[in-house]
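One structure is given below, encoded as structure tokens.
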Amino acid sequence: MILGIMQPYFLPYIGYFSLIRYSDQWIVFDTVQYIRHGWINRNRILKPEDGWQYIVVPLKNHSNRAQIKDLEISSTQDWKGKILRQVEHYKKTAPFYEEADRLLQEWLYIEEESISRYNALLMKKICDYLDIPFRFAFFSEMKLDLGTIREPQEWALRISEKLSAEEYVNPPGGMEFFDRERFKNTGIKLTFLRNRLKPYNQKRKSFEPGLSILDVLLFNAKEQIREMIDDYELL
């Protein structure tokens, strides 16, 4: 079994889906502390003219030390309608606007207060649309006894051991935290996956890389997106 473990991001970039595609089992890592200005409740799409803008899911008030699993979505504003309006400018340039807008209107209106569960269910719907298997579990519900964790890589190592994973896959951004030999000594292959993130036609003078999967859906057909997801290298 190949195991992937990531925090639950909101409409993440395409590389996130490459990790899901490569994995057999996915752990929604929702017991870590929420960090403001991350990707749990926001992501990026194009602005009407140049550059990019954030799309944001508002959260209810919470403590500075709140874990992701305890965060709830605020319903005091029409944030779903705002995101749909932010996407409207794509209608002028994006060839798959009608299809993406239809899907987004279905996906955004999932009835779920937990941001962790909401994001996971959102990713499940996207994966279903792209015909990508997404077998996932919430770490907070797994009740695994991992013992004392002394350094960041031990989360992945201990979880992989408990679930009898043969391989653990991680994005390349965490390479400095991991010791391949330590994983190898426990019988687990450590793999880093990097999506090549090749530019696609955004109908702009310059390409804005690493935007939300939503931008990819607006400019590319399903078959093209699957090819982009599978365009990665293992490190």
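The values are calculated or read from the model by the stated rules, or taken from the named source; none is laboratory data. A quick note: this is a predicted structure, and the numbers were derived from the prediction, not measured. Using ideal geometry, Cβ is built from the backbone for each residue, glycine included, and neighbour counts are taken over all protein chains shown. Accessible surface is based on the protein model in full, side chains and every heavy atom, while ligands, DNA and RNA are left aside. Shrake-Rupley method; radii C 1.70, N 1.55, O 1.52, S 1.80 Å.
Quick one: in the stretch 57-87, of everything that is hydroxyl-bearing (Ser, Thr, Tyr) and either touching a Gly at 6+ places or on another chain (Cβ under 6 Å) or open to solvent by less than 90 Å² (accessible area, probe 1.4 Å) (or both), which residue is modelled with the lowest pLDDT? Before the answer, list the steps.
The initial filter retains those residues of the stretch 57-87 that are hydroxyl-bearing (Ser, Thr, Tyr), namely 63, 74-76.
In the following step, the residues that additionally are either touching a Gly at 6+ places or on another chain (Cβ under 6 Å) or open to solvent by less than 90 Å² (accessible area, probe 1.4 Å) (or both) were identified as 63, 74.
Numbers: 63: 91, 74: 97.
Ranking the candidates gives 63 first.
When residue 184 is tested against (1) surrounded by 13 or more Cβ atoms within 10 Å (Cβ to Cβ); (2) of a type outside the set (A, V, I, L, M, F, W, C); (3) out of contact with any Gly (no Cβ under 8 Å at 6 or more places or on another chain), only condition (1) is not met. Is it true that residue 194 is within 30 Å of residue 161 (Cα to Cα), at pLDDT below 95 and open to solvent by 60 Å² or more (accessible area, probe 1.4 Å)? When the stated conditions are applied, residue 194 does not pass them.
From the list 90, 54, which one is outside any loop (DSSP other than H, G, I, E, B) and open to solvent by 20 Å² or more (accessible area, probe 1.4 Å)?
Numbers: 90 fails: open to solvent by 20 Å² or more (accessible area, probe 1.4 Å).
Checking each option against the conditions leaves just 54.
Filtered by the rule that a residue be more than 19 Å from residue 2 (Cβ to Cβ), exposed (fewer than 15 other Cβ atoms within 10 Å of the Cβ) and either over 17 Å from the mean Cα position of the chain (by Cα) or polar (S, T, N, Q) (or both), the stretch 113-145 gives 113, 141, 143, 145. Of all residues in the stretch 97-117, those that are within 17 Å of residue 66 (Cβ to Cβ) have Cβ atoms under 6 Å from Cβ atoms of residues that are open to solvent by less than 90 Å² (accessible area, probe 1.4 Å) and in a loop (DSSP other than H, G, I, E, B), 6 or more apart or on another chain, in 115/41; 115/71; 116/8; 116/30.
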